[in-house]
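Working notes for the structure below.
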Amino acid sequence: EDVDQFFCEQAVKNGATLFNRTNVTGFQRRLNGNWQIHLECEQGSKHIDCNFIVDATGPEATLLRHLEISVTTDQLYTNSSAIYSHFDDVPSTSSWLEEQGTQPQDFPFPADDSAVHHLFPDGWLWQLRFEGGTTSVGFVSPNLADVIGGTSSPEDSWWRLQEQLPALENALGLSTLSPSPGRIFQTDRLQRLFTQAAGENWAALPFTVGFIDPLHSTGIAHTLIGVQRLAEILTKSNDETRTRELKRYSEKVTNELQFIDLLVAGCYQTLTNFECFTAWTMLYFAAATTFEQNYKSGSDDFLCATDPKFSQLVSELYGDFLFSPPRLHDPARFTERIQKAIQPFNTVGLFAPEINNMYSYTAVTK
């Protein structure tokens with residue numbers, strides 16, 4: 001929430017008007033294409049007139065739902081749900097690694113300053129430690145209902161989860177639920193996808209248009225790319241080109257979300273075999289590092305989603321999962337195939353034996 005507050009303050013400093021604790025109660029489209037937005041806020045009812053709307057409401061998708069944009073979530077391959085909250089006094093990951101016989105100094109970064117993922121056959125656990133000592137902890141699984149059984153509340157589900165995963169209970173030690181938020185959250189299916197991201201005098205940020213999964217943490221970067229794209233469209237295009245640019249924006253966002261879906265779904269397909277899982281994640285890391293390198297040259301092809309060679313590569317590899325179950329009993333062959341496939345996009349030494357999956361820096365020089 002500190003980051004959210006910082007961005008909010010910066011927006012106000014740059015001329016934005018803030019209406020805190022506000023509900024959008026309706027939209028009205030004028031004959032000239034402009035909008036009137038109806039709000040209920042602390043100051044009472046308000047009406048705002050504008051000629052363009054950016055829907056940044058995330059899962060609420062306030063404008064998209066008003067426009068009755070169709071949803072195609074059922075076409076996504078990833079299907080996962082989560083249970084999570086904030087905890088106090090979670091043991092440090094470094095000390096936990098030492099107890100497991102691992103040397104923390106072998107890692108390229110301090111583990112407790114990183115986003116830590118613990119893998120299980122039925123899902124994965126995130127740990128995000130904040131500066132104040134509180135830690136965000138959450139478990140994501142395509143089979144969460146099976147893991148936790150028929151529990152009656154999120155709190156019961158969490159304790160059931162610890163019973164099912166002793167390694168989780170060990171990692172959490174004597175931690176306690178943090179007073180803020182003070183409760184356990186359990187989601188339904190995390191995935192969602194609308195078919196359109198922009199239209200006449202409106203657009204939506206990527207996180208509003210859809211979401212796949214927290215596994216690769218693509219949401220923030222995708223949102224920032226969306227902000228940049230829309231800023232350029234609104235400041236540089238004219239009436240003749242704006243419609244075309246908004247259409248391109250819409251197609252890019254929806255295609256990118258579908259591409260991320262393949263990258264994540266493949267991880268869940270290989271979750272029961274760590275070597276195969278590691279190999280499949282290299283598709284994401286090849287996409288991310290290539291995108292960052294290309295971004296310096298002015299490209300905004302997020303994660304190489306519209307690169308015909310890379311997108312075809314990922315589609316073909318995932319197609320093997322659909323039409324012939326992956327041969328996870330032969331991880332060496334599976335790994336070799338992906339290693340060869342990403343070679344044209346591997347500029348940072350992915351799969352290098354001497355690195356042993358300990359990548360200090362894969363990003364370009366800042």
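Rule-based calculations on the coordinates, nothing more; no lab input. The model shown is predicted, which means the values in this text are computed figures rather than measured ones. As a convention, Cβ positions derive from the backbone with ideal geometry for all residues, glycine included, and neighbour counts pool all protein chains shown.
Computed extension gain for K296 through N170, at 0.36 nm per residue and net of the alpha carbon distance, reaches 41.0 nm. The region of the chain that goes longest without hitting one of the chymotrypsin sites (Phe, Trp or Tyr not before Pro) in a DSSP loop, each with at most 13 other Cβ atoms within 10 Å, is 131-360. Length gain on complete extension for the stretch D89 to A11, per 0.36 nm per residue less the alpha carbon to alpha carbon distance? Taking 0.36 nm per residue and subtracting the Cα distance, the gain is 24.6 nm. In the range 218-276, Rg over Rh equals 1.21, where Rg is the alpha-carbon radius of gyration and Rh the Kirkwood radius from pairwise Cα distances. In the chain, helical runs assigned H by DSSP with n ≥ 4 each contribute -39500 (n - 2.57); averaged across all residues and rounded to the nearest 500, the mean residue ellipticity at 222 nm is -13000 deg cm²/dmol.
Using the Karplus relation 6.51 cos²θ - 1.76 cosθ + 1.60 with θ = phi - 60°, the per-residue 3J(HN,Hα) values for the range 164-178 come to 6, 10, x, 5, 5, 4, 5, 5, 7, x, 9, 5, 10, 5, 5 Hz, with x marking Gly and Pro. Between the range 122-141 and the range 156-229, the C-alpha centres lie 11 angstrom from each other.
Checking every one of the GluC sites (Glu not before Pro) in the range 146-211 against DSSP loop status and a limit of 14 other Cβ atoms within 10 Å picks out E200.
Annotation: extensible slack from S360 through E316 equals 12.8 nm (criterion: 0.36 nm per residue apart, minus Cα-Cα distance). Note on R160/Q103: beta-carbon distance plugged into 1/(1 + (r/R0)^6) with R0 of 35 Å gives a FRET efficiency of 0.55. Could you list the residues of the range 194-221 with an amide nitrogen less than 18 Å from a label point located 7 Å from the Cα of C50 in the Cα-to-C-beta direction? Backbone N within reach: 197-209. When only alpha carbons of the chain are considered, Rg and Dmax amount to 22.3, 69 Å. Here is the list for the range 11-63: GluC sites (Glu not before Pro) lying in DSSP coil, each with at most 11 other C-beta atoms within 10 angstrom of its C-beta, are E42.
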